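Contents: one structure, followed by commentary.
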Amino acid sequence: MELPRALARRLALHGQGLDGSWELVDGAMGAATVVERLGHVQIDTIAVVERAHHHVLWSRQPSYRPEALAAAMTVERRVFEHWAHAAAYLPMAHYRYFLPKMHAAARRESTRRWLAENADVVDEVRRRIRAEGPLGSADFAAPEGFRRGTWWSWKPAKRALETLFATGELMVSARKGFNRLYDLTERVMPPHVDTTEPSRVELGQFAVRRALSTMGVATSKEIAWGLTDVPTVEAALNEMVATGQVVTATLTGVKDGPHYALAEALDGLGTLPAVEPRLRILSPFDNLVIRRRWLKNVFGFDFALECYLPASKRVYGYYCLPLLWADTFVGRLDAKADRKAGVLIARSVWLEPDGPIGDGLLAALAQELHAFAAFNECERIAIERVMPGSAAVGLRRAVERGPVS
């Protein structure tokens with residue numbers, strides 16, 4: 001079937017919880033529900049504004065505070081940390097579907113060789129954690145004469161911790177500041193969690209449902225990303241298309257494909273509520289944004305994160321945040337939270353030149369800027385640059401009027 005991109009966007013926004021339809025309780029239970037519905041929330045270290053994992057949850061749960069995610073992991077045990085496409089918070093209920101990645105890491109020749117060559121260090125890490133409980137890298141001294149070089153040149157104990165974590169022998173029990181504390185998996189894992197390794201068929205079908213329920217439409221490569229291999233997904237897709245669970249689709253005007261969608265989601269399109277007409281400042285690591293090619297295909301928004309580029313090559317700024325208004329991306333915000341001064345600094349606001357620039361957009365953006373400032377523990381907003389310049393006065397006036405209750 002041919003699927004208009006407008007309908008693909010509708011499916012995606014509903015699956016991502018960005019259409020205003022999700023009803024979430026406050027605190028840890030609501031935060032855990034967001035992680036469970038999204039399937040993963042990427043962890044990132046950049047902190048010019050609130051870190052990405054907190055930002056992603058706040059975008060769906062306006063009452064969210066960072067301590068809620070910590071409680072979802074350490075108290076409720078509904079969330080755990082591991083590797084998806086990157087380090088991520090994952091639903092504890094999905095733990096078994098990450099066992100193939102852990103077991104593959106354990107079988108890797110480089111892993112086995114390093115563990116054998118550093119058995120004394122590894123055994124010491126195991127012994128101390130078993131005896132003392134959760135420990136972090138800082139609890140282990142570097143050997144005499146050790147000098148750290150690059151980002152990944154870890155001291156031996158740190159590498160042992162990360163290796164045992166990657167292979168599933170250890171789990172992150174909690175974080176102290178932003179540093180992981182590791183414990184034995186059997187002491188972190190709730191007893192009710194299914195820890196049987198899925199078959200290839202189970203893993204493939206899980207990957208399909210997990211991706212399509214949140215993305216709406218996706219290719220086999222996009223479905224497999226961060227979880228399994230493309231052949232496993234394609235085998236599942238063939239079976240699910242044959243049984244009517246999945247529909248093959250062509251996105252109007254998009255060359256990539258084929259795309260797939262859940263039949264039940266397409267059947268329910270007519271019953272979905274209208275997209276909430278509000279503006280959202282999203283994280284560049286948001287689940288809606290992180291697959292850049294998919295984003296461009298479905299939303300027509302060409303986005304790149306420029307913090308990894310030299311300053312001279314940046315176009316929009318160091319840490320640009322996409323601006324989503326209802327179902328359309330309307331701009332980017334390069335922001336910094338000066339928490340000490342209590343000021344959210346909008347270093348630059350870039351509005352799409354072919355977008356709906358007008359009083360409605362500027363009022364919606366001002367309202368979200370106030371909410372985002374409060375989330376970042378800032379009382380004031382400073383706008384340095386607006387493009388196009390003709391929108392600068394209107395935006396500053398809208399911000400000065402304050403938030404609408």
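The values are calculated or read from the model by the stated rules, or taken from the named source; none is laboratory data. Quick caveat, the model's predicted, so the values are computed rather than measured. FYI the Cβ positions are ideal-geometry reconstructions off the backbone, even for glycines, and counts take in every protein chain you see.
Show the residue pairs that are 6+ apart or on different chains and have beta-carbon atoms under 8 Å apart, the first residue being within the range 23-46 and over 18 Å from Asn287 (Cβ atoms), the second being β-branched (Val, Ile, Thr) and outside any loop (DSSP other than H, G, I, E, B). Close Cβ pairs (under 8 Å, with a partner that is β-branched (Val, Ile, Thr) and outside any loop (DSSP other than H, G, I, E, B)) amount to Val25/Thr33.
Just one residue in the set His54, His85 is assigned by TED's automatic domain parsing to the domain that holds Ser21, free of Cβ contacts under 8 Å to residues at least 40 places away in the same chain and closer than 23 Å to Leu305 by Cβ; that residue is His54. Taken together, the criteria place Gly177 among residues that are loosely packed, with under 12 Cβ neighbours inside 10 Å and on the phi > 0 side of the Ramachandran plot. The residues of the range 247-281 that are buried (at least 21 other Cβ atoms within 10 Å of the Cβ) and farther than 16 Å from Leu7 by Cα, listed by number, are Leu279, Arg280, Ile281. Picking from residues in the range 154-201 that are of a type in the set (Gly, Ala, Ser) and outside the structural domain of Glu50 (by TED's automatic domain parsing), the one that is farthest from Arg128 (Cα to Cα) is Gly177. Could you say whether any residue in the range 298-318 is in contact (Cβ under 8 Å) with a residue 40 or more places away in the chain, more than 24 Å from Ala6 (Cβ to Cβ) and touching a strand residue (DSSP E or B) at 6+ places or on another chain (Cβ under 9 Å)? Scanning the range 298-318, I find at least one residue that is in contact (Cβ under 8 Å) with a residue 40 or more places away in the chain, more than 24 Å from Ala6 (Cβ to Cβ) and touching a strand residue (DSSP E or B) at 6+ places or on another chain (Cβ under 9 Å), so the answer is yes. Candidates in the range 27-50 are the residues that are out of contact with any helix residue (DSSP H, G or I) (no Cβ under 8 Å at 6 or more places or on another chain) and assigned to a loop (DSSP other than H, G, I, E, B); of these, the one that is surrounded by the most Cβ atoms within 10 Å (Cβ to Cβ) is His40.
Taken over the range 290-299, the criterion of being out of contact with any helix residue (DSSP H, G or I) (no Cβ under 6 Å at 6 or more places or on another chain) and of a type in the set (A, V, I, L, M) is satisfied by Ile290, Leu295. Among the numbered conditions (1) modelled with pLDDT under 95; (2) surrounded by fewer than 19 Cβ atoms within 10 Å (Cβ to Cβ), the only one that Tyr316 does not meet is (2). Between Leu13, Leu69, Leu7, Leu57, the distinction of being out of contact with any helix residue (DSSP H, G or I) (no Cβ under 9 Å at 6 or more places or on another chain) and part of a helix (DSSP H, G or I) belongs to Leu13 only.
Suppose the filter is buried (at least 21 other Cβ atoms within 10 Å of the Cβ), farther than 15 Å from Ser59 by Cβ and of a type outside the set (Phe, Trp, Tyr); does Leu321 pass it? For Leu321, the condition - buried (at least 21 other Cβ atoms within 10 Å of the Cβ), farther than 15 Å from Ser59 by Cβ and of a type outside the set (Phe, Trp, Tyr) - is not met. Residues in the range 186-206 that are crowded, with 19+ Cβ neighbours inside 10 Å and under 22 Å from Asp123 (Cα atoms): 1 in all.
Of all residue pairs spaced 6 or more apart or on separate chains, those with beta-carbon atoms under 6 Å, a first member in the range 127-139 that is more than 15 Å from Thr163 (Cα to Cα) and a second member that is of a type in the set (Gly, Ala, Ser) and surrounded by 14 or more Cβ atoms within 10 Å (Cβ to Cβ) are Pro134/Ser173. Filtering the range 59-115 down to residues that are of a type in the set (Ser, Thr, Tyr) and more than 29 Å from Pro284 (Cβ to Cβ), which residue is surrounded by the fewest Cβ atoms within 10 Å (Cβ to Cβ)? Applying the filter and picking the extreme gives Ser110. There is at least one residue in the range 340-354 that is in a strand (DSSP E or B), surrounded by 21 or more Cβ atoms within 10 Å (Cβ to Cβ) and in contact with a Phe, Trp or Tyr (Cβ under 8 Å, 6 or more places away or on another chain).
Scanning the range 282-313 for residues that are small (Gly, Ala, Ser), surrounded by fewer than 21 Cβ atoms within 10 Å (Cβ to Cβ) and at pLDDT 95 or above yields one hit, Gly300.
Assigned by TED's automatic domain parsing to the domain that holds Leu13, without any contact (Cβ under 8 Å) to a residue 60 or more places away in the chain and among the aliphatic types (A, V, I, L, M): is that true of Ala249 in this structure? Criteria not met by Ala249.
Of the residues in the range 243-256, none is modelled with pLDDT under 95, basic (Lys, Arg), under 30 Å from Ala371 (Cβ atoms) and not in a helix (DSSP H, G or I).
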